[in-house]
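The values are calculated or read from the model by the stated rules, or taken from the named source; none is laboratory data. Predicted model only: the values in this text are computed from it and were never measured. Cβ placement follows ideal geometry from the backbone for every residue including glycine, while neighbour counts extend to all protein chains displayed.
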């Protein structure tokens, strides 16, 4: 199985969500220090909404660390 990531470019970094891994638990939304993550129209693995980030993202990686399904990948710009 190949996982297709949805890549979102922000001023501070690149934020990738893998909807086929996201179960829509919302932990990332809860833990984001800048409130940059919201629910998306794109459905996740169980037919629940996945998430997306906006330009408030500081690429801190907290969402990546708390995601129980490894559905988020954050890469900070140098």
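Brief remarks follow.
- Residues (crowded, with 16+ Cβ neighbours inside 10 Å and closer than 18 Å to residue 68 by Cα) located in region 30-39: 32, 37
- Residue 44 satisfies every condition listed in (1) modelled with pLDDT of 95 or more; (2) crowded, with 17+ Cβ neighbours inside 10 Å; (3) closer than 18 Å to residue 5 by Cβ except (1).
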